[in-house]
Structure formats: structure tokens, C-alpha cells
Amino acid sequence: MKRWASLLAPLGLVLILFGLVAVFLMLAGAPTGPHLIWGNIVVGAVLLGISLVASLDAVRARLHTGEARRASRYGTTAVVSTVLALAILGLLAFLAQRHPVRFDWSEAGVHSLTDQTQKVLQGLPGDVSVTAFVSAGEIGPVRELLERYAYESPKFKVEYADPTARPDLVEKLGISPDQLGKGLVRVAIGNDAVELTELDEEKLTNALVKLTRQGTRKVYLLDGHGERPAKGEGADGKEGFSRAAEALRNENYTVESLVLGQKGDVPADANVVISAGPTRPLPEEEHAALERYLERGGSLLVLLDPRSRSDLGKDLERWGVSVGEDVVVDRLQGFFGRAATPFAGEYGAHAITKGLREVTLFHVARSVRPTEAGRSNYTEIVKTSPDSWAERDLEAFFGEGKAELAESDLKGPVPLAVAGKPLVGSGAETEEKKGESVPRLVVFGDSDFAANQLLDSYRNRDLFVNSVNWLLGDVEAISIRPNKSRPSRVELSSEQLSNIRYLALAVLPEAIAVLGVLAWWLRRRAPGR
């Protein structure tokens, strides 16, 4: 037995040590069972006791030597240092559990909430009650997202419920069992609630917006002049406008079509009117109706493509905006080499583009600039690269597909959009008076960027929706919204993550330590040593 004592003692110490480590891991939330803790400590103590009994005589003899006294002193120091290190680790684990701090070091910030979500959470008027009806096997991704929201705002209260284990809660909240097939998240503020059967940051934040944004804002889309359709035939096609309309509804705005000739005037409840890619002239009465609308403090968004055959250009000129008879070309920074599909990454100092850092994408766009009279009223909010230019030989461009930079062309950076206060009514009066509505105008030289095909490309959605936010005076809603697509990553449940943490911090190190002791003992017992 004496020959085994030198092996049993270090093995016993290793087991006791990792039994204590398991205690600290359990305090930190790892799924460590008591049987594992006590198993390590008890077995370690038994091995240590057997070793001491088997080598008792040798221990007595060594205690009376100088070497023993030195070993005792150094051993005591080592034990105290180990205990202090474990105590510090335990304290850190305790503090991390009570006061968690999140870091996102990914390049694209894929584990962080977007600017829009953070603004919504900061502006919550009261507590938000979130009930997640998900089974244990599906709770991982749901918990991971909801905990980001709860971390950002103490008003975001989350409760997890397995629908099979909590039929009482399902009945109390009046949820149909048919809705619970793939899980359901109920978001409620007071008596108002939104139920989500598919959960991602965009849908959850939109639910909060719908519950918190008070009042009804109405956006009218002009119809009858070849504008891009937001409903009906062609609305869901590549050139349709259904996604843009849906993006506005997600901001809790009401979106309707407006045939101005039928109404005779812009409705009094119109907060914003959008003319999205008109291709035919307007009757004179409709020109006058838009003029009256701006004079009484209305807001207008015009998306005007090159060679559109619309006559809104003459109104824009009168209001202080010049739309060029040209097409923007960029051979160096066009989308996959397409010169007429330029990227724009230079933004003016304006509320609409505040926070925009990534590029937006346009297709067959024209230049848009303030006139001399309107220069002080408008800001050029989007520009293409310095290598671009506005090609004014449209016959050669559209007829022969040729574009060459000439002296008559507008050299880049080329402005594609302006935002400001139109020259209507008193014209020179641009200061906003208390209690008085001030007209606002945003003009883009392209409507493709907000159509279905390109709306979700790069930051096009933000640029479009932010423009409407600003026109509504809803400046606090201007933000950077969640991307539609997210990088692929492995989704782990909290239980799986805790198991991996326990394996990495306890099981594997303990196995390595045991193997190390065995290797040391075998080498020591080898012949010739």
C-alpha cells in the first residue's frame, strides 16, 4: 500500500480542488449537480486519508527533519495562495452573476441592438410585459434576443412559459392553442398587446413602436400619374412599392393611396404626401392642390427618375429645387461594375442622414440641387463619389449606351437628394413659428432605391424611412434600423452554453490534472529513477 500512497495523495488533492471549483461554478449559474461536487470532495478526501494512513510512519520521520520544516513552510504558503486565488475567482463569479456586463467585439456588431431599438427602449413610457410561450427545446434563440432587450432597459420584463406546463397562463391571456404551434411571444403595455409568432429584432422592435407611438400619422401615396404601385397589380413586383409602404406601417404610420383628381385637394389629415416615380404630367388643378398643401404647412416627398415625362420639375424649380436633365454615372464605384447603378456614401449634415455610415444604392438616378434662390433653404443630403459625374448627353446614353465625361457634364460628387423648406407662401420666410406648421420638402433624383428590388439593400430602407420621419417632424424616430439579414452563427440554448462552460472550466482541466499526476507517478516509478 505504501507504494501507492504517493499516487493517492496528489489525486485526492486534485479531486478536492476541483470539487471546490465546481462549487464556485454552481454559484455562477453553471449546471453543476451536488452529486458531482460531493463526489469529488468525498472521493478526494478518502484517497487523501488512505494515503496519510499508509505513509504515517514516513510522515512522522520526515516531520523531524529540516527539509520537512522547509516543505511545511512552503507548502503552507502554496495552500494559502491557492485558497486566496479560489476566493478571488469565486468573488468575481459572484459579482458577474449579480452585475453582468455585456461586450460585443464582433466587427459588424451582430450581437448588439441597433440604434433604433435602443432609442425605443430608452423612450418606454412604462413597463413592458413580455411572455414567451416556447418549449424548453426552442427557448435558446428566444432567450438570447429577449435578454439583450432586458439588459438595455429595466422596464422590459420577461417571463418564460412552457405552454404545455402553463395552460392556466395561456387561458388567462386569451391565447388560442393554434397559435402556439411554433412558439409565441406576447408583448404588452397595459391592456394593449402584440403577439409575435416569428421573432427577430425587427419584428420585436416594430411591436414596441406600435405599442408606444401615440396618435395616428397618415401618409398618402399619389396615384394616377404612373407612380410605383403600393397595392394591387405590380405592387409586389421588383419595381413595386409594397415594401416601402410596409416599412412605413412598421413605424405605426397609416399609408393610403391618393388620387388627387378625385379629392380635389390634399386631405386635411395628410401628414406627408409622396410622389414615387411619376411618369406622366399632372393636371393644372393638381399642381395647384400641391401648392396649397405646402402653403398650409404640408410635407412632400418627391422621387423623380430621369426622363420621367412628369412635369413636377417646374413646381420643384419654383420651390427652390433643380432636378437635372442627366443621368449619374460612376464607372469605379458602380454596383458590380454597372456605371448607372452608383453607390452613394457621402451624406450632408442633416437629421435624415445623422448616424448613416454605410452606403446607399441607386439605379439610373439624376442630379438634384438647390437653385440659387433656394440655396439657403436646402441641404444636399446624399452624394455619389468624386469619380462619378452627371451625364447630360441623354440621347447617347439611352440610345447608344455611351457615357463620356465632357465639359458640360456635372462632375462628382453628384448630389442625388435635397431636404429643406420649400419657397412657398412668403418665400423668404423659413423660420418655424410656435404653433405654426412649416412646409417641408425632400426630393430624390431616383425612385428605384426605395422600390422592392433595392429597398433592403445596404442602408436604403433607413434613408427612405428617415426622410418620412423628418417630414412628419418625428425626429426622435430617425435611426439606424435592424438589418434584414444577419451573419450565420451557431445558436445554443442557455443550458447547452452552461454545459460547455462547465466542461471547459471543470471537467477538462480536472481530467488533465489527473492524467498529469498519473504521468508524474509512472515516471517516478520507472526503473532507474
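The values are calculated or read from the model by the stated rules, or taken from the named source; none is laboratory data. Values in this document were obtained by computation on a predicted structure and should not be read as measured data. So basically every Cβ, Gly included, is an ideal-geometry build from the backbone, and we count neighbours across all protein chains shown.
Worth a mention:
- Residue within region 402-423 that is assigned to a strand (DSSP E or B) and in contact with a Leu (Cβ under 6 Å, 6 or more places away or on another chain) present: no
- If only residues of region 362-382 that are in contact with a Leu (Cβ under 8 Å, 6 or more places away or on another chain) and surrounded by fewer than 21 Cβ atoms within 10 Å (Cβ to Cβ) are counted, the one that is nearest to VAL414 (Cα to Cα) is HIS363.
Every residue, every condition in (1) free of Cβ contacts under 8 Å to residues at least 24 places away in the same chain; (2) surrounded by 19 or more Cβ atoms within 10 Å (Cβ to Cβ), yes or no:
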position	(1), (2)
LEU173	no, no
ARG186	no, yes
VAL194	yes, no
THR205	no, yes
LEU211	no, yes
GLY237	no, no
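- Yes/no for GLU510 being among the acidic types (Asp, Glu) and either within 30 Å of ALA417 (Cα to Cα) or at pLDDT 65 or above (or both): yes
- Test: ASP223 is crowded, with 17+ Cβ neighbours inside 10 Å and more than 23 Å from the chain's Cα centre (by Cα): yes
- Checked against the criterion of being part of a loop (DSSP other than H, G, I, E, B), out of contact with any Cys (no Cβ under 8 Å at 6 or more places or on another chain) and among the polar types (S, T, N, Q), the candidates THR353, THR341 yield just one match: THR353.
- Residues in region 149-171 that are over 12 Å from VAL134 (Cβ atoms), free of Cβ contacts under 8 Å to residues at least 40 places away in the same chain and in contact with a Leu (Cβ under 8 Å, 6 or more places away or on another chain): GLU152, SER153, LYS155, PHE156, VAL170.
- Residue within region 444-457 that is at pLDDT below 80, assigned to a loop (DSSP other than H, G, I, E, B) and under 27 Å from GLY297 (Cα atoms) present: no
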